[in-house]
Structures are given as structure tokens and as C-alpha cells.
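Participant: Please read through the structure below; I'll follow up with questions.
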Amino acid sequence: PCCQRKKKKKNMCLFSSCVPEFWGDIAKDFFWKTKHAGQFLDYNFDVTKGEIFIKCMEGASTNICYNLLDRNVNEHKLGDKVAFYWEGNEPGDELTVTYRELLRRVCQFANVLKSQGVKKGDRVSIYMPMVVELVVAMLACVRIGAVHSIVFAGFSAESLCERIMDSQCSLLITADGFYRGDKLINLKLIADEALQKCRDKGFPLQRCIMLKHLSKEAEETPLGSQSPPAKRACPDLQVPWNPEVDLCWFTLLCGVSDECEPEWCDSEDPLFILYTSGSTGKPKGVLHTVGGYMLYAATTFKLVFDYQPDDVYWCTADIGWITGHSYITYGPLANGATSVLFEGLPTYPDVSRMWEIVDKYHVSKFYTAPTAIRLLMKYGSEPVQKYKRQSLKVLGTVGEPINPEAWQWYYTVVGEKRCPIVDTFWQTETGGHVLTPLPAATPMKPGSATFPFFGVVPAILNESGEELEGPSEGYLVFKQPWPGVMRTVYGNHQRFETTYFRKFPGYYVTGDGCRRDEDGYYWITGRIDDMLNVSGHLLSTAEVESALVEHEAVAEAAVVGRPHAVKGESLYCFVTLTDGVTYSCSLEAELKKQVREKIGAIATPDYIQNAPGLPKTRSGKIMRRVLRKIARNDRDLGDVSTLADSSVIEQLFQNRCCTAV
Ligand code: WTA
């Protein structure tokens, strides 16, 4: 590919000049109501030259929902093709949804949203389990030009409230509840708590649409002629109801037309907001726009998974994360693909569930996270080998660096050495894969995300911002945009510039460390900012620390990552208590609960250590580097000459936590 032809001297990409041709050809496969006016891709990546901007096909108008559904049904004659095989948490709960049915449902719900006063540009928060209606809700927003902000259903009321307020949403869509394995989650209760918090903070949200998922009655079928999931129905679920605010999904649909003209949007109109952890603690609303994101999600899906029309594709991520946005909804539907949409867990009812599903639907392309692979690896090969997995052709991984041991297990045991592995590196911010192999075309190296995707130009910088050539290690940055890169932090463009462009003017800074080997392969070495990657979820240490210090017993907190065999990293928290408070097991439990309630279960501390003193520099800065060593019981501390009081170190080593709380 021409993007990998580099000029000898400066690491410049010749591809920049052929961007319009490459992406322009791809754009021809989509429907545009009007043509773009200016340059195909226009941008400034240099803060010293003015405001940062990225624009792709500005002036062209389209509608993603139209491209994903109407075009596939009407033009490509895929109306009867299965869009989703929904597989519920409980084996036996299943639904099949065709493209035609999905289009009908989306149009109907889009009309519901319109009748509730939702207009182009309005933000809508979606807080739902992995059900088909989640896809319906997101595409209904897109159809009328509204901007969805999906909040992962594992987040707490506090986190949901923060996201609703930051994006100034006009409506919330949620569900009564769902099961995660054996555990019942009463989602509506959490949503109500979030809305109460919004009200208390002066942001009274007027409307909340609730889907009955568990408490539905026989006549309330989710997908017209399809029968409702029954196995784990829970008609007695206590669903709090506020008639002033709450609206029932099914009631709203009654008598509503299933035809809805799409709203034509500019290529640079906002498409969605998705919050990701920020190193200051406050989550950032990553904003993606219509045209570029559509081209990028569709093309990366097609090429990275070598999509073929008879594939059955399964991405195990939750739609509440970017992987689910790009590679469950947008990428696959843009290609007319058939996907599995799975509500449950890899370990429920047993650790063979994934492979059972692979055989059941003849899954050919499978995409999951290293943490899931490591979890299943613990149980050995027998649960995998109970199923044939003959349909598998390509295996993908995403979310964190995959250790070579897990890679080998995935390749040998799951894929029986037949299936290439695509280790895809990307971020919420990048919209789609940026470093990735192309299956069977790129020679693999276990643990390396290999090379940039077409049009992506990475570089490795040292601390002074100099580009390193050849084998080297440093900051991973990108030198030019690709169509799917984020456009701004919602409501805070300055934060966008500061976070990604200020440190090294002229480059987009990923926040990841990276090594390039002698063959030019890229190896992600992990985050080099104050972020932790727990089970593939990014968390900011500041966010967890502030949740801890909000407890009256805690004066100060410092959180670091400690390697974990399954999760990649676990949360190790040092807490200094306020004067007069004594440390106890019940306090530890309270602190754990506090973090869960403030952020969500994914942020639950694994270790909490009573730290009467923290290692600080003379200027009062906590030396996290030292705390990381203490958490790992590594006495090779390096230079600690800047420490104000070195006696705290020994004390902390003495009191280390050895077992997770
Ligand atoms: C990490 C997830 C190594 C990385 C799509 C990045 C990876 C962060 C990989 C983004 C990979 C993701 N190899 N590290 N293949 N994929 N990461 O925004 O640290 O949830 O910056 O997007 O995950 O996480 P996010």
C-alpha cells in the first residue's frame, strides 16, 4: 500500500496526496444527498498555527441510518438478510432480526422520538443493556439527526448523571433491568437515582423512555411478530415509575408509523458523543461526526476482518464502549453484515458459552478482548474443545496489549492455528482501528499491532518531541488525521487541544507508549499518562482518588496499577485517613462501595492499603512511581533523593496488602 511507502529522509507519507482518491473512491459506495464543497480532508494539527480542526467532506450531506439500513434493504436487496442474531444472557433466549425488520423498528422509534420533541442536534442519553432495542434507539437518533450519548449500563447513577449533565441531554432512554449472569441489575432504579441527582444539581430532565425487558407482559413483544425472550423474564421486577417523567417504550410505539424520512446531515454534523476517562478525573465527551466516521468504521471493518457476504461476525464488546459503536453497530451494518449481539457473559452458565455460540451461529469472524482470553485460558483447553469452531476464520483482539502467552492460546487453542489474529490498536478517540494487521496479508508477531491502517501515519517521539527513526521507543503520536478521528471534546474544544495536541505541536498524542522494532512493527507498551487499563477499560487514577477522598474518613488517596493475571491491571489504592479515624475491615468495605457507587463496578478497588504517610517530594507531589513499586513489592526504587521523608517507604512496604479486598 502506498501509505507505507515513506520518503527516505523525513518520515513523511506520500499517501497524504492520495487521500482524496483513496477515500473518495470509498465514499462513492455510500449515498450522499449533496456533494462536498471544499477539500476532501482539511485539518490543522499544530496548536502554534491556530485552532485544531479536522474536516472531512464538509458540505456533503447524508444520513448514516439511511446508508446502513435503507440502502441495504432497497438497493442491495438485503431486506431478508439477518442483521442480528440476538443471544440473551440465558441460553435459549434468542431473536433474529432482519435488515427490513430493523429498518421498520428504527423508523417507528425515530417517529416516537420526534413526537417527544427530539430534533436534529439534540442530545439523547442511552443507558441500556445489550438488547436489539439499544441498536434501534441509537439508529433512531441518527435517523433524525439527534446525537446519541450511550452510557455503559455498568456505570453508576453518579456517572450517568455527570454524563447527562455534561452533554445537556433532553431525553434518557433506559430499560427496567437485566441479568448479568446470575445477577439481576435493576437499571431503572439506577437511572432514577441519576435523574434525581440531575434534578438536585439544577438539571431537571423532563423525559425518560423505559423499555420493559424483564418485566414485559405477553402482549408486549419487542420485535413485532417475534416472540419475547421468556426464559429469564421477571414480571415481578420492582420498577419505580414517575408519571411526570417516565414513558413506556411499547406504549409510545402504539399506532406509530413505521416510515420516517431521514434527516439529511452535513458530513461534519455531530453523530455521537461517547465519554472516556480523562486524566484529570472528569470524563471527556469524545465527539465524532457523520461522514468521516461512517467511511472509517465501514472500511476498517471490511478490510481488517476481511468481511465476506456470507460471514457471521461476532464482537463480544458492549455497545456502551467504542468497540461496540464501531464494530457492532456502524461498521457491520454499513457492510450489510450479519452479527451476533450477545447480552451475556463468557462464563455464564459455564466457561464454554462463547464456543457454544460460535458453533450455534457458525461464527466466522470473532472479536474479543485480551482480558476475556486470559479469563478463559485459566480453565484450559477442554471447555473450548467441547465445541468444533470449524466456522472460525479470523480472530480479533482489542482493548489492551495482548501478552504473547494469551496470543498463543488464542491462536493455537481457539483458532487451531488456522485463523490469523488481528491485534487492533485504537481508541475511543480514533473512531476505528489505526494500527492493525490485515488478516493473512500481514505476517504476525504475537503481541504487536503490526502496522498503520491506510492513511494513518504514526511516529514515535522522545521526551523532547523529536521523531525517532528506525527501532526506537517513546510516545506514540499520529502526524495527520484519517476520516474517523474525533473532532472535539463536547463543549470543551480547549480541553481537546490541551489533551491531544499541546504536548507535541503538530501531532495527535495517543497517551500510549510504543516501541518500533527492526522490522518496523509497532508494539504498544501501555499508557504513559495517569490512566489505568483494567479489563480493557480505561480508568483515570484521579477519578478513583476523588471518589475515595469524598469519604469523610479519607484525607488523601493515591491510586496506582498493579499487574493482574486476568484483568491486565488491578487498582491498588493507598489511603491516608483523617485524624482520629482507625482503619478497619468495615471501613475498607465502605470505601470499596463508595468507589462502586461513584463510578461503577469496573472501578472497584482490588487492594486498599492504610497509608499513614505517602511518599512525597519536597514540593509535596506524590511519587506514584514509588507507590507502583510498593504495590508490586519491588524494592528496586531507583532514585528517591527527592523524597521529603524516606521513612514512609519502609512503613508502606511493611503494611503492603497481599490479598485483594
Ligand atoms: C489500549 C478501545 C494495546 C490503549 C478501542 C489505548 C490497546 C486504549 C489496544 C484505548 C491494543 C486498545 N494493544 N493497547 N490492541 N487496543 N488499547 O478508548 O492504551 O476504550 O489508548 O478504546 O486502550 O481505550 P478505549
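Participant: Tell me which residues, restricted to the range 299-337, are in a loop (DSSP other than H, G, I, E, B) and touching a helix residue (DSSP H, G or I) at 6+ places or on another chain (Cβ under 7 Å).
Facilitator: Quick first cut of the range 299-337, residues in a loop (DSSP other than H, G, I, E, B) only: 305-311, 316-321, 335-337.
307, 316, 317, 318, 319, 335, 336, listed by residue number.
Participant: Can I ask one more? Which one of 201, 183, 188 is over 16 Å from residue 598 (Cα atoms) and either of a type in the set (Asp, Glu) or surrounded by fewer than 20 Cβ atoms within 10 Å (Cβ to Cβ) (or both)? Explain how you work it out, then say what you get.
Facilitator: Working: 201 fails: over 16 Å from residue 598 (Cα atoms); 188 fails: either of a type in the set (Asp, Glu) or surrounded by fewer than 20 Cβ atoms within 10 Å (Cβ to Cβ) (or both).
Only one candidate qualifies: 183.
Participant: Here's another thing I want to ask about it. Scan the range 281-313 residue by residue and report those that are under 20 Å from residue 152 (Cβ atoms) and either open to solvent by 10 Å² or more (accessible area, probe 1.4 Å) or of a type outside the set (Ser, Thr, Tyr) (or both).
Facilitator: Let us first name the residues in the range 281-313 that are under 20 Å from residue 152 (Cβ atoms), namely 281-288, 293, 297.
281, 282, 283, 284, 285, 286, 287, 288, 297, listed by residue number.
Participant: Please enumerate the residues belonging to the range 111-146 that are basic (Lys, Arg) and either in a strand (DSSP E or B) or buried (at least 23 other Cβ atoms within 10 Å of the Cβ) (or both). Quick ask: steps written out before the conclusion?
Facilitator: The first filter runs over the range 111-146 and keeps only residues basic (Lys, Arg), leaving 114, 119-120, 123, 143.
Selection gives 123, 143.
Participant: Inspect the range 458-475 for any residue being more than 20 Å from the chain's Cα centre (by Cα), among the β-branched types (Val, Ile, Thr) and surrounded by fewer than 17 Cβ atoms within 10 Å (Cβ to Cβ) and give the result as yes or no. Can you show your working first?
Facilitator: Step one: filter the range 458-475 for residues more than 20 Å from the chain's Cα centre (by Cα), giving 458-475.
If we keep only those that are among the β-branched types (Val, Ile, Thr) too, we end up with 460.
Next, from what is left, pick out any that are surrounded by fewer than 17 Cβ atoms within 10 Å (Cβ to Cβ): none.
The answer is no, given that none of the residues of the range 458-475 is more than 20 Å from the chain's Cα centre (by Cα), among the β-branched types (Val, Ile, Thr) and surrounded by fewer than 17 Cβ atoms within 10 Å (Cβ to Cβ).
Participant: Kindly indicate the residue of the range 383-401 that is in contact (Cβ under 8 Å) with a residue 60 or more places away in the chain and of a type outside the set (Asp, Glu) and also farthest from residue 525 (Cα to Cα) among those meeting that condition.
Facilitator: The residue in question is 391.
Participant: Considering only the range 79-91, state which residues are assigned to a loop (DSSP other than H, G, I, E, B) and either open to solvent by 40 Å² or more (accessible area, probe 1.4 Å) or of a type in the set (Lys, Arg) (or both).
Facilitator: Taking the range 79-91 as the starting set, the residues that turn out to be assigned to a loop (DSSP other than H, G, I, E, B) are 79-81, 88-91.
Matches in the range 79-91: 80, 81.
Participant: Checking the structure you have, find out if any residue of the range 427-439 is buried (at least 22 other Cβ atoms within 10 Å of the Cβ), more than 10 Å from the ligand (Cβ to nearest atom), within 15 Å of residue 508 (Cα to Cα) and at pLDDT 95 or above. Working first, answer last.
Facilitator: Taking the range 427-439 first, the residues buried (at least 22 other Cβ atoms within 10 Å of the Cβ) are 429-437.
Cutting the leftovers down to more than 10 Å from the ligand (Cβ to nearest atom) gives us 437.
Of the ones still in play, those that are also within 15 Å of residue 508 (Cα to Cα) are none.
Checking the range 427-439: not a single residue is buried (at least 22 other Cβ atoms within 10 Å of the Cβ), more than 10 Å from the ligand (Cβ to nearest atom), within 15 Å of residue 508 (Cα to Cα) and at pLDDT 95 or above.
Participant: Report whether or not residue 562 is more than 16 Å from the ligand (Cβ to nearest atom), of a type outside the set (Gly, Ala, Ser) and closer than 17 Å to residue 403 by Cβ. Talk me through it step by step, then tell me what you get.
Facilitator: Numbers: more than 16 Å from the ligand (Cβ to nearest atom): yes; of a type outside the set (Gly, Ala, Ser): yes; closer than 17 Å to residue 403 by Cβ: yes.
For residue 562, the condition - more than 16 Å from the ligand (Cβ to nearest atom), of a type outside the set (Gly, Ala, Ser) and closer than 17 Å to residue 403 by Cβ - is met.
Participant: Checking the structure you have, find out if any residue of the range 409-426 is among the polar types (S, T, N, Q), more than 14 Å from residue 304 (Cα to Cα) and surrounded by 19 or more Cβ atoms within 10 Å (Cβ to Cβ). Please lay out each step first, then the result.
Facilitator: To start, the set of residues in the range 409-426 that are among the polar types (S, T, N, Q) comprises 412, 424.
Still in the running and more than 14 Å from residue 304 (Cα to Cα): 412.
With surrounded by 19 or more Cβ atoms within 10 Å (Cβ to Cβ) added as a condition, the list becomes none.
Checked against the condition, which is being among the polar types (S, T, N, Q), more than 14 Å from residue 304 (Cα to Cα) and surrounded by 19 or more Cβ atoms within 10 Å (Cβ to Cβ), the range 409-426 yields no hits at all.
Participant: Answer with yes or no whether residue 411 is hydroxyl-bearing (Ser, Thr, Tyr), more than 16 Å from the ligand (Cβ to nearest atom) and more than 23 Å from the chain's Cα centre (by Cα). Let's see the steps before the verdict.
Facilitator: Values: hydroxyl-bearing (Ser, Thr, Tyr): yes; more than 16 Å from the ligand (Cβ to nearest atom): no; more than 23 Å from the chain's Cα centre (by Cα): yes.
In short, no.
Participant: Next question, about the same structure. Kindly establish whether residue 488 is under 27 Å from residue 287 (Cβ atoms), more than 15 Å from the ligand (Cβ to nearest atom) and of a type in the set (S, T, N, Q). Break it down into steps so the answer makes sense when it comes.
Facilitator: On the way: under 27 Å from residue 287 (Cβ atoms): yes; more than 15 Å from the ligand (Cβ to nearest atom): yes; of a type in the set (S, T, N, Q): yes.
When the stated conditions are applied, residue 488 passes them.
Participant: Please state which of the following conditions residue 194 fails to meet, knowing it meets all the rest: (1) within 30 Å of residue 76 (Cα to Cα); (2) buried (at least 22 other Cβ atoms within 10 Å of the Cβ); (3) of a type outside the set (S, T, N, Q).
Facilitator: Of (1) within 30 Å of residue 76 (Cα to Cα); (2) buried (at least 22 other Cβ atoms within 10 Å of the Cβ); (3) of a type outside the set (S, T, N, Q), only one is false for residue 194: (1).
Participant: Select from the range 174-197 the residues that are part of a loop (DSSP other than H, G, I, E, B), in contact with a helix residue (DSSP H, G or I) (Cβ under 9 Å, 6 or more places away or on another chain) and among the small types (Gly, Ala, Ser) and list them in ascending order. Write out each step before concluding.
Facilitator: Going through the range 174-197, the residues part of a loop (DSSP other than H, G, I, E, B) turn out to be 176-177, 181-182, 186.
Add one more test, that the residue is in contact with a helix residue (DSSP H, G or I) (Cβ under 9 Å, 6 or more places away or on another chain), and what stays is 176-177.
The one that is part of a loop (DSSP other than H, G, I, E, B), in contact with a helix residue (DSSP H, G or I) (Cβ under 9 Å, 6 or more places away or on another chain) and among the small types (Gly, Ala, Ser): 177.
Participant: What pairs can you find where one residue is in the range 520-543 and without any contact (Cβ under 8 Å) to a residue 24 or more places away in the chain and within 11 Å of the ligand (Cβ to nearest atom), the other is open to solvent by 30 Å² or more (accessible area, probe 1.4 Å) and not charged (D, E, K, R), and their Cβ atoms are less than 8 Å apart, with a gap of 6+ or different chains?
Facilitator: Filtered contacts from the range 520-543: 527/538.
Participant: Anything in the range 324-351 that is open to solvent by 20 Å² or more (accessible area, probe 1.4 Å) and under 18 Å from residue 142 (Cβ atoms)? List them, or say none.
Facilitator: 335
Participant: Quick one: which strands (runs of 3 or more DSSP E) sit completely within the range 494-538 and have at least 3 residues that are open to solvent by less than 20 Å² (accessible area, probe 1.4 Å)? Spell out the reasoning first.
Facilitator: Values: elements: 508-516, 522-527, 531-534.
Correct list: 508-516, 531-534.
Participant: Please tell me if residue 569 is more than 17 Å from residue 552 (Cβ to Cβ) and either assigned to a strand (DSSP E or B) or acidic (Asp, Glu) (or both). Break it down stepwise before answering.
Facilitator: On the way: more than 17 Å from residue 552 (Cβ to Cβ): yes; either assigned to a strand (DSSP E or B) or acidic (Asp, Glu) (or both): yes.
For residue 569, the condition - more than 17 Å from residue 552 (Cβ to Cβ) and either assigned to a strand (DSSP E or B) or acidic (Asp, Glu) (or both) - is met.
Participant: Could you say whether any residue in the range 482-497 is of a type in the set (D, E, K, R), at pLDDT 95 or above and more than 27 Å from residue 122 (Cα to Cα)?
Facilitator: Initially, the range 482-497 is screened for residues of a type in the set (D, E, K, R), giving 487, 495, 497.
From what's left, at pLDDT 95 or above: 487, 495, 497.
Then keep just the ones that are more than 27 Å from residue 122 (Cα to Cα); that gives none.
No, the range 482-497 has no match at all.
Participant: Report the residue count in the range 544-559 for those that are part of a strand (DSSP E or B) and either closer than 21 Å to residue 276 by Cβ or within 13 Å of the ligand (Cβ to nearest atom) (or both).
Facilitator: From the range 544-559, those part of a strand (DSSP E or B) are 554-559; that's our starting set.
Of the ones still in play, those that are also either closer than 21 Å to residue 276 by Cβ or within 13 Å of the ligand (Cβ to nearest atom) (or both) are 559.
Counting residues in the range 544-559 that are part of a strand (DSSP E or B) and either closer than 21 Å to residue 276 by Cβ or within 13 Å of the ligand (Cβ to nearest atom) (or both) gives 1.
Participant: Does the range 460-477 hold any residues that are out of contact with any Leu (no Cβ under 8 Å at 6 or more places or on another chain) and within 17 Å of residue 521 (Cβ to Cβ), and which are they?
Facilitator: If the condition is that a residue be out of contact with any Leu (no Cβ under 8 Å at 6 or more places or on another chain) and within 17 Å of residue 521 (Cβ to Cβ), then 469, 470, 471, 472, 473, 476 are the ones that fit.
Participant: Any idea which of 361, 307 is within 20 Å of residue 99 (Cα to Cα), without any contact (Cβ under 8 Å) to a residue 60 or more places away in the chain and not hydrophobic (A, V, I, L, M, F, W, C)? Give the steps one after another, and end with the answer.
Facilitator: Working: 361 fails: without any contact (Cβ under 8 Å) to a residue 60 or more places away in the chain.
Going through 361, 307 in turn, just one is within 20 Å of residue 99 (Cα to Cα), without any contact (Cβ under 8 Å) to a residue 60 or more places away in the chain and not hydrophobic (A, V, I, L, M, F, W, C): 307.
Participant: Considering the range 380-396 alone, what residues qualify as being open to solvent by 20 Å² or more (accessible area, probe 1.4 Å) and modelled with pLDDT of 95 or more? Spell out how you get there, then give the answer.
Facilitator: Filtering the range 380-396 for residues open to solvent by 20 Å² or more (accessible area, probe 1.4 Å) gives 380-382, 385-388, 390-391, 393.
Scanning the range 380-396 gives 381, 382, 385, 386, 387, 388, 390, 391, 393.
Participant: In the range 600-616, how many are of a type in the set (S, T, N, Q) and within 21 Å of residue 578 (Cα to Cα)?
Facilitator: Within the range 600-616, the first condition is being of a type in the set (S, T, N, Q), and the residues that meet it are 604, 609-610.
From the residues that got through so far, the ones that are within 21 Å of residue 578 (Cα to Cα) too are 609-610.
Going through the range 600-616 one residue at a time, the tally reaches 2.
The values are calculated or read from the model by the stated rules, or taken from the named source; none is laboratory data. Every value quoted in this text rests on a predicted model; they were computed, and no experiment measured them. Don't worry about glycine lacking a Cβ; one is built from the backbone with ideal geometry, like all the others, and counts go over all protein chains shown. Surface accessibility is based on the protein's heavy atoms, side chains included, excluding ligands, DNA and RNA. Shrake-Rupley method; radii C 1.70, N 1.55, O 1.52, S 1.80 Å.
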